[in-house]
Amino acid sequence: MKEKEFWALNWLRFGLALYIVQYHTLNGHYQLLENTWIGAALDLGNMATTVFFVLSGFLLTHVYVVLKDARYMNKKTFFVARFSSLYPLHLIGLFLALIPAFLTIYARGGISVPVDTLGLETRMLDQGDLFLAMAASLALLNAWNPYYLILNGPSWSLSALGCYYALFPFVAPKLYRLKSPALGLAILGVFFCLPGVVADLLHRNDLFTDGLLHHNPLIRLPLFLSGMVLCMLFTRMRKLKPQSHHLALLGAMAMATFVGAAYLRMTGLQNYHVINNGIYFPAALALVWLCASAPSASVSTIVKYWGARLGSASLPMFFLHVPLFQLFSKVEKVTAGFLSAQSASLSSAISAGQDMQQALIVYPLYLVPLVITCVISQEKFVVPMQARVKRYLMVDTAQRAVPRTAIGTAISDLHEHGPMTSEAMK
């Protein structure tokens, strides 16, 4: 399977990251979008998360299993390569998230979290809760807490992905030998839907159930495994030229799911767990397959080049977008306060801007610099940091049974097509 066949997956990675950024920063912050079709279309974070995990499993399997024909997987090489790109940026995002968190504690005496799914009632976290949240975030275990997500909440998806990284070297060789990938996808789909169906049948709408179904790594695991199995099926069928009407059908399925989910959001009929933990599953498989099948012969070099750069930037986009937006919103409100306050003092500006609504026209001043910053961060920080970590931890790689060139090729390929380790996402 040639590298160029996956150019569209790079754009899918970037598109999902960009959607998640807007999902977390536009919804609930700009009244102009409330109760509109645009707002409803931007409120499908769970669908993006579903595609994200399928895509991650697909790409990891391609690089570490398919390209090497499952001959041998150096577990140390895999863990170092994956976590050296994941963890440093996670710490930066956590540090940035602490700034508005401390400001909130200073201004309000603590951090409040909802005690029901509608957020009508809240409670203030005590010191033990804050310590637990900090420890869980530092250990990349925050996805396992079903009650609240603080300190860069979207990083729950990376916490889940860290769990999947730990499982991948042990599960991948077994899935590679799966005799019927199509049947495997059907079974995994049932396992993914089952928790939502049970919760709906029991009429469970409490905070614990909602958090468990939303971001528990075990509940989301069938999505990652489905991506792995999908890659196996795609590899075995790659010699068959995809028919245009088949690809059109996959595209129509994904689009119909997106439009239908937006309609449910707009009409307020989305309050079923099986929607988030169920109906997005076929569309996610269809979208990844469709992008993996995209022909590359007629695609310009510029499209592939920018797809690779922007796709790689999806990692820091997921880590940094919420902390940076929190800082951006505070700067915007203080600036607006200076313009409207009668006094030029900082305290007057903060007081005047505190209750001001953010202006949608200013939003590009956040989004464009965010993308540029994340591209630069990925290329100037993440990749060099990963290289330094690998040089430090992999000094004995040359003595391994696997040729060094084979490992180098796989890791290089992963930089170009690696999983979108950056959703979270709802």
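Here are the numbers for this structure:
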{"quantity": "Output for segment 111-139, where each listed residue is in a strand (DSSP E or B) and of a type in the set (A, V, I, L, M)", "calculated": "Val113, Met124"}
{"quantity": "Total residues in segment 140-157, condition part of a helix (DSSP H, G or I) and under 13 Å from Leu130 (Cα atoms)", "calculated": "1"}
{"quantity": "Entirely in segment 1-90, the helices (runs of 4 or more DSSP H) that have 1 or more residues that are within 30 Å of Arg265 (Cα to Cα), within 14 Å of the chain's Cα centre (by Cα) and among the hydroxyl-bearing types (Ser, Thr, Tyr)", "calculated": "7-25, 45-61"}
{"quantity": "Within segment 355-393, considering residues that are of a type in the set (Ser, Thr, Tyr) and part of a helix (DSSP H, G or I), the one nearest to Ile20 (Cα to Cα)", "calculated": "Tyr366"}
{"quantity": "Test: residue in segment 149-163 that is β-branched (Val, Ile, Thr) and farther than 22 Å from Val63 by Cβ", "calculated": "yes"}
{"quantity": "Count - residues of segment 1-44 that are aromatic (Phe, Trp, Tyr) and either farther than 23 Å from Pro323 by Cα or modelled with pLDDT under 90 (or both)", "calculated": "5"}
{"quantity": "Long-range neighbours under 9 Å by Cβ, at least six apart or interchain, first residue under 23 Å from Ala8 (Cβ atoms) within segment 244-270, second of a type in the set (Val, Ile, Thr)", "calculated": "Ala254/Val51; Thr257/Ile279; Ala261/Ile275; Ala261/Ile279"}
{"quantity": "Which numbered condition Ala284 fails, given (1) touching a helix residue (DSSP H, G or I) at 6+ places or on another chain (Cβ under 8 Å); (2) at pLDDT below 90; (3) assigned to a helix (DSSP H, G or I)", "calculated": "(2)"}
{"quantity": "Of all residues making up segment 290-329, the number that are of a type outside the set (A, V, I, L, M), crowded, with 21+ Cβ neighbours inside 10 Å and closer than 27 Å to Leu185 by Cα", "calculated": "3"}
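The values are calculated or read from the model by the stated rules, or taken from the named source; none is laboratory data. Note that the structure is a prediction, hence the values are computed from the model and not measured. In this analysis, Cβ positions are derived from the backbone assuming ideal geometry, glycine residues included, and neighbour counts consider all displayed protein chains.
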